[in-house]
1. Using R₀ = 35 Å, calculate the FRET efficiency as 1/(1 + (r/R₀)^6) where r is the Cβ-Cβ separation of Glu9 and Val169; round to 0.05.
2. Near the amide H of Asp175, under 5 Å away, which other amide H atoms are found, from residues 5 or more places off or on another chain, if H is placed in the peptide plane?
3. How long are the semi-axes of the equivalent ellipsoid of segment 88-206, taking √(5λ) for every eigenvalue λ of the Cα gyration tensor, in whole Å from largest down?
4. Given labels modelled 7 Å from the Cα in the Cβ direction, how far is it in nm from Asn244 to Asn36?
5. Using a Förster radius of 41 Å, what is the FRET efficiency between Val256 and Lys123 based on their Cβ-Cβ separation? Nearest 0.05, please.
6. About the Cα centre, and with charges only on the beta carbon of Lys, Arg (+1) and Asp, Glu (-1), how big is the dipole of the chain? Nearest 20 debye, please.
7. Report Rg/Rh for the chain, rounded to two decimals, where Rg is the Cα radius of gyration and Rh the Kirkwood radius.
8. Once every DSSP H run of n ≥ 4 in the chain is given -39500 (n - 2.57) and the sum is divided by its residues, what mean residue ellipticity at 222 nm do you get, rounded to the nearest 500 deg cm²/dmol?
Amino acid sequence: MKKGKKLYEGKAKIVYATNDKSLGIQHFKDSATAFNNKKRATIDGKGILNNRISEHILSNLSQIGIKNHLVKRLNMREQLIKLVEIIPIEFIVRNVATGSLTKRLGIEDGTELRKPLIEFCLKNDELGDPLISKEHIFSFEWASKKEIDKIEGDLHRMNDFMIGMFRGVGIKLIDFKVEFGRLKNTTINEIILADEISPDTCRLWDMKSEKKLDKDRFRQNLGNLIDAYQDVARRLGILHENSNIRPLKFPKPKAVKIKRNK
Ligand code: 5GP
């Protein structure tokens with residue numbers, strides 16, 4: 001598959017065209033941003049881990065019938081994907097109240113929700129991705145009622161599956177954000193899951209210690225983000241126990257005195 005021109009560059013990913021009009025190459029960058037781009041950093045190895053973790057989750061979701069854009073992983077940082085026209089909505093599913101929900105409504109952080117809560121945000125950085133209602137979606141024709149019904153069904157199934165998958169490795173799925181799109185350049189009229197699912201887009205807490213294993217480590221200056229993402233990858237069986245994606249760092253050579261024979 002030949003990599004063509006850049007089609008789109010976002011905060012954490014780039015999408016390139018290929019010689020097949022319906023397919024693209026999604027490249028995972030090492031950049032991290034938060035608070036609507038106000039906080040930025042480059043974190044070595046983050047893109048590699050997100051590529052692997054997202055591949056793992058999306059292929060598992062395919063197996064339970066959640067159609068998504070992943071065709072296959074190509075290399076450390078790239079995936080072959082089906083091109084879609086992204087619906088301009090961030091779909092958020094919450095199992096435990098934290099983050100913007102607690103700030104917005106004054107709910108105590110860590111409150112378990114009686115049932116999963118779905119929220120819709122308009123995907124618009126300039127406006128700070130504002131919360132919207134289904135009525136807004138239908139009124140401005142961002143998606144149809146039929147599309148939202150289908151997406152909501154998918155969101156509940158994904159949430160059930162991912163809660164179980166993470167629970168099996170001692171991780172609690174607190175919440176996540178996903179995006180959907182309409183297939184491009186095909187005659188098939190279908191909405192599929194797109195973008196990525198990774199510790200950048202989910203909140204993941206260790207079941208026992210409640211240690212944060214996600215992007216909140218960056219947002220809240222908790223440090224050790226790569227260690228946390230590697231921990232998630234190892235627990236999911238994607239990364240070998242002893243492997244480390246960080247580039248090897250060798251100590252600087254030290255000057256040594258050479259004893260000369262007299
Ligand atoms: P909150 O609305 O509490 O900030 O985020 C809810 C969930 O959606 C969290 O898992 C968070 O990581 C994810 N999320 C919301 N907006 C974005 C976004 O713009 N980018 C990313 N990567 N994740 C987001």
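1. On the way: r = 33 Å, r/R0 = 0.94.
E between Glu9 and Val169, to the nearest 0.05, is 0.60.
2. Under 5 Å from the amide H of Asp175 lie the amide H atoms of Asn95, Arg203, each far enough along the sequence or on another chain.
3. Details: eigenvalues 124, 69, 31 Å².
Three semi-axes, in Å: 25, 19, 13.
4. The modelled label-to-label distance comes out at 3.9 nm.
5. 0.10
6. For this selection, approximately 1960 debye.
7. Ratio of gyration radius to Kirkwood radius: 1.04.
8. After summing the helix terms and dividing by residue count, I get -8000 deg cm²/dmol.
The values are calculated or read from the model by the stated rules, or taken from the named source; none is laboratory data. Because the structure is predicted, anything quoted here is derived from the model rather than measured. Positions of Cβ are backbone-derived with ideal geometry, glycine not excepted, and every protein chain shown enters the neighbour counts. The protein model used for the area step is the full one, side chains on, heavy atoms only, and it has no ligands, DNA or RNA in it. Shrake-Rupley method; radii C 1.70, N 1.55, O 1.52, S 1.80 Å.
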